[in-house]
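Asker: The structure is given below, and queries will be raised subsequently.
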Amino acid sequence: MIDGLVGGRLYGEAQIRTGQNGRRFVTCKVRAATNDGDTLFVNVIAFDDDVQSALLALSDADSVSLSGALTPKVWTDKNGLVKPAVDMVAHKVLSVYDGRRAEGRDDGRDDDA
């Protein structure tokens, strides 16, 4: 297992699923750019309720940063080319919406000070 931080854009919408044990989880895909300009797909799964809510609040192409456990993978496209991919169990999410929520949060400071 590798702990990592991935930044990219949501590809499609996050989906709610239910496991065989009846527990809810959320899956989504994130497109992340590599240093050489290529695109890497990150297959994300979230079990934490806060992470699930944050992912479900996002829309297609929204920017997002995720931290969690990474597992490198490869897949073969229609032309037979082998491509890299990553699976991630997300533990934390940061999006533009988090900054907007923080602006409205009362931080306990007196505005007149």
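The values are calculated or read from the model by the stated rules, or taken from the named source; none is laboratory data. Source: prediction; values computed, not measured. No Cβ is skipped: glycine too gets one built from the backbone with ideal geometry, and neighbour counts run over all protein chains shown.
Asker: Inside the range 11-65, can you point out the residues that are farther than 26 Å from residue 77 by Cβ, out of contact with any strand residue (DSSP E or B) (no Cβ under 7 Å at 6 or more places or on another chain) and either in a strand (DSSP E or B) or not small (Gly, Ala, Ser) (or both)?
Answerer: Listed by number, the residues that qualify are 20, 21, 23, 49, 50.
Asker: Kindly check whether there is at least one residue in the range 70-81 that is surrounded by 14 or more Cβ atoms within 10 Å (Cβ to Cβ) and either touching a residue at least 24 places away in the same chain (Cβ under 8 Å) or part of a loop (DSSP other than H, G, I, E, B) (or both).
Answerer: Looking for residues that are surrounded by 14 or more Cβ atoms within 10 Å (Cβ to Cβ) and either touching a residue at least 24 places away in the same chain (Cβ under 8 Å) or part of a loop (DSSP other than H, G, I, E, B) (or both), one finds at least one in the range 70-81, hence yes.
Asker: Just for the range 14-51: of the residues that are closer than 23 Å to residue 81 by Cα and of a type in the set (S, T, N, Q), which one is modelled with the highest pLDDT?
Answerer: Going through the qualifying residues, I end up with 43.
Asker: If you go through the range 3-38, how many residues are loosely packed, with under 13 Cβ neighbours inside 10 Å and free of Cβ contacts under 8 Å to residues at least 40 places away in the same chain?
Answerer: 15
Asker: So which residues in the range 39-50 are farther than 25 Å from residue 19 by Cβ and either buried (at least 16 other Cβ atoms within 10 Å of the Cβ) or in contact (Cβ under 8 Å) with a residue 12 or more places away in the chain (or both), if there are any at all?
Answerer: If the condition is that a residue be farther than 25 Å from residue 19 by Cβ and either buried (at least 16 other Cβ atoms within 10 Å of the Cβ) or in contact (Cβ under 8 Å) with a residue 12 or more places away in the chain (or both), then 40 is the only one that fits.
Asker: For residues that are surrounded by fewer than 18 Cβ atoms within 10 Å (Cβ to Cβ) and either more than 15 Å from residue 41 (Cα to Cα) or among the basic types (Lys, Arg) (or both), tally how many sit in the range 51-66.
Answerer: 4
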